1. Calculate how many DSSP beta bridges within the chain are antiparallel, expressed in % of all such bridges and rounded to the nearest 5.
2. Apply the Karplus curve 6.51 cos²θ - 1.76 cosθ + 1.60, θ = phi - 60°, to the phi angles in segment 561-577 and return the couplings in whole Hz, x for Gly and Pro.
3. Given q = 0.13, 0.16 Å⁻¹, what are the Debye log10 I(q)/I(0) values for segment 463-589, with equal point scatterers placed on the Cα positions and solvent ignored?
4. Run the dipole for segment 98-227 about the Cα centre, Lys and Arg Cβ at +1, Asp and Glu Cβ at -1, nothing else charged, and hand back the magnitude in debye, nearest 20.
5. Please express the Cα-Cα pair-distance distribution P(r) of segment 378-479 as a list of whole percents, one per 10 Å bin, running from 0 to the bin with the greatest distance.
6. Segment 340-423: which GluC sites (Glu not before Pro) are DSSP loop and have at most 15 other beta-carbon atoms within 10 angstrom?
7. List the chymotrypsin sites (Phe, Trp or Tyr not before Pro) in segment 483-567 that DSSP assigns to loop (not H, G, I, E or B) and whose Cβ has at most 12 other Cβ atoms within 10 Å. Which are they?
8. For the chain, what is the mean residue ellipticity at 222 nm derived from helices alone (per DSSP H run of n ≥ 4: -39500 (n - 2.57); sum divided by total residues; nearest 500 deg cm²/dmol)?
Amino acid sequence: MSLSLDDQRWPERLPGHGSANSTIMTAEGQKTRAMITDPKAAGISTQRLQETVATLSALGRKLPGSDSAATACSLICERLTSAGVANQVLELEAFVSWPVKASLTLGDSVLPANGSAFTAPADNLTGRVTRSLAPGDLQGAFLVIDGLPRYDACISAQRAGALGVIAISHGPQRHYVQASPLWGAPTGPADLALLPSVPAVQVSRDASAVLEQAIASGSQVTMASDIRTEWRAARQPLGEIEGREPGYVLLGAHYCTWGDGATDNTAGVALLIELARLLKQQPQPRYGIKFAFWTGHEQGGYAGSSWYADAFRDSLYRDAIAYLNVDIVGSRGGTTKALRNTTAELAGYVRQVLDGTVGKQTQEEEEFVDRSVKRLDPYVDPRRSARNSDQSFSGIGLASAQVSAFLPAASPEHLHGSGLAWWWHTDQDTIEHMDADVLAIDTLIYRNLVAGLIDAPALPFSPQAMAGDVLAGLRAYREAAPGLADIARLTGLAERLADALAGWTPTAADDRLLLRLGRHLNPVLYHARSAFEFDLGRASRILPGLAAALTLDRLDADAARMARVQLRQRANRIAHGLSQAIELVEAARGDAL
């Protein structure tokens with residue numbers, strides 16, 4: 001990557017904007033630039049945001065390859081063109097799945113249901129219902145669970161011999177979800193074989209009494225679920241503002257929706273369009289910006305972003321500075337701003353921008369966000385990049401960040417156990433649940449995040465934080481498998497990297513080095529198998545390649561032997577990434593001395 005940054009500083013006030021601002025400070029306490037804190041001062045139009053969300057929401061369900069998605073794609077491109085932003089449409093083949101209709105019949109009662117994408121269809125399948133996972137209890141029966149019919153529940157039921165899964169919502173609403181462990185398109189028959197072979201549906205909480213009575217009485221239930229799973233030709237709009245120098249920030253928001261999708265994620269699409277309009281009015285930035293509108297988000301297991309990561313890998317590896325995902329914004333009542341899906345090197349900068357834009361949130365709200373975005377790591381910041389929300393670029397090594405509009409801790413409108421609203425992924429995610437004033441603030445947050453990257457005098461990355469995540473991740477594995485030599489070897493390398501980075505304050509001359517460090521460290525921090533393949537599942541853990549160490553002491557002798565072979569191979573991959581990073585830093589600091 002050719003990044004030749006000069007030493008210019010940010011102006012006290014960005015051209016053409018008002019005076020409503022706060023000041024952002026460097027780690028050394030030096031004033032670097034003004035932070036706009038009023039959406040109107042930044043030129044953000046709530047009227048445009050409202051109109052865009054209303055227009056796109058009115059199209060209803062926007063499945064990949066559908067007529068409504070094609071109309072939405074055209075509307076996005078028209079608005080980008082109107083703003084003077086160059087754009088194109090990318091075409092791809094996406095493997096997608098969606099429910100057409102579903103129901104449960106108990107005697108004379110027909111209960112409406114939502115089928116789960118990527119599960120098997122059911123043509124009037126009849127059997128008992130039970131909540132028991134005891135051996136034999138599920139033969140010829142449906143498993144009843146609370147919550148969402150996701151992959152883990154479906155596979156557990158399938159392995160136990162169940163006919164299918166019936167999930168009961170925590171409220172009167174029914175959610176649309178998918179149950180695939182794949183990230184993006186399948187690569188062969190072995191991937192297809194991983195999809196659940198049993199059907200799964202969700203009913204509302206109102207149906208719980210009827211189902212519990214059926215469990216007690218042994219009554220029969222009949223399930224009908226029409227699920228379509230197929231390859232479809234899909235389209236993705238892409239806008240671009242070119243910079244003066246090589247390098248760009250990639251922003252992404254999925255435009256596919258289960259229903260109207262006002263807050264998930266039509267509001268995110270409106271944010272991106274408005275942001276493109278604002279940035280196009282500014283002088284040409286140092287670095288460019290690309291605005292990607294993904295398809296196949298849930299319906300294709302992040303089909304659009306994963307395809308883009310594969311198709312444009314060389315450009316992304318060479319020139320991309322960061323990926324900023326836009327999802328769950330503009331929700332009515334969404335005053336808690338949730339920093340999430342943020343890699344270590346970018347986390348401090350994003351926190352500084354977020355606090356500078358909307359002010360520090362209360363400890364109660366921050367702790368609520370921590371609980372809502374929970375991870376499996378005991379010692380790693382829960383806000384780190386997770387396996388959701390189109391995080392398809394960790395294998396390439398990109399820094400990433402996301403800020404969502406969560407409902408506050410005290411809100412009565414939460415989705416159970418989440419910061420999301422109850423209308424998430426439902427037919428009720430309509431325009432009245434979107435607040436243009438909230439969306440304007442969310443737009444301002446992203447505007448400030450992008451502005452601090454595309455014209456940065458030096459990239460605001462903290463390499464020390466990446467080394468800290470490696471050490472934090474290794475701590476959990478070392479505690480689980482204290483005698484494993486591979487963990488000890490990796491800990492030594494991580495400590496050497498941390499020592500090499502200690503006391504180092506990168507300058508503009510180090511920008512290329514910072515990006516190269518991310519290319520070496522992020523793929524092993526977030527991918528288990530390879531930098532070129534997507535891992536299975538949605539479990540989020542730092543250094544996932546070492547996950548087998550957590551259960552090593554519970555395996556039988558032969559299984560443990562095989563696990564150690566896998567651990568050695570994956571530890572070697574992590575060691576290679578650490579060694580490459582150490583070599584870069586020690587060489588650079590040695591030259592500086």
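The values are calculated or read from the model by the stated rules, or taken from the named source; none is laboratory data. All of these numbers come straight from a predicted model, not from anything done at the bench. FYI the Cβ positions are ideal-geometry reconstructions off the backbone, even for glycines, and counts take in every protein chain you see. Only protein heavy atoms, including side chains, enter the accessible area calculation; ligands, DNA and RNA are left aside. Shrake-Rupley method; radii C 1.70, N 1.55, O 1.52, S 1.80 Å.
1. Values: 47 of 76 bridges.
The antiparallel fraction comes to roughly 60 percent.
2. 4, 5, 4, 5, 4, 4, 4, 4, 5, 6, 5, 4, 5, 5, 4, 5, x
3. With one equal scatterer per Cα and no solvent, log10 I(q)/I(0) is -0.53, -0.77.
4. Approximately 100 debye in magnitude.
5. The calculated distribution, bin by bin, is 11, 30, 34, 21, 4, 0.
6. Details: sites: GLU345, GLU364, GLU365, GLU366, GLU367, GLU413; in loops: GLU413.
Counting only loop positions with at most 15 other Cβ atoms within 10 Å, the GluC sites (Glu not before Pro) in segment 340-423 are GLU413.
7. Numbers: sites: TRP504, TYR526, PHE532, PHE534; in loops: TRP504, PHE532, PHE534.
When the chymotrypsin sites (Phe, Trp or Tyr not before Pro) of segment 483-567 are filtered for loop state and at most 12 Cβ neighbours within 10 Å, PHE532 remain.
8. Mean residue ellipticity, 222 nm, calculated: -11500 deg cm²/dmol.
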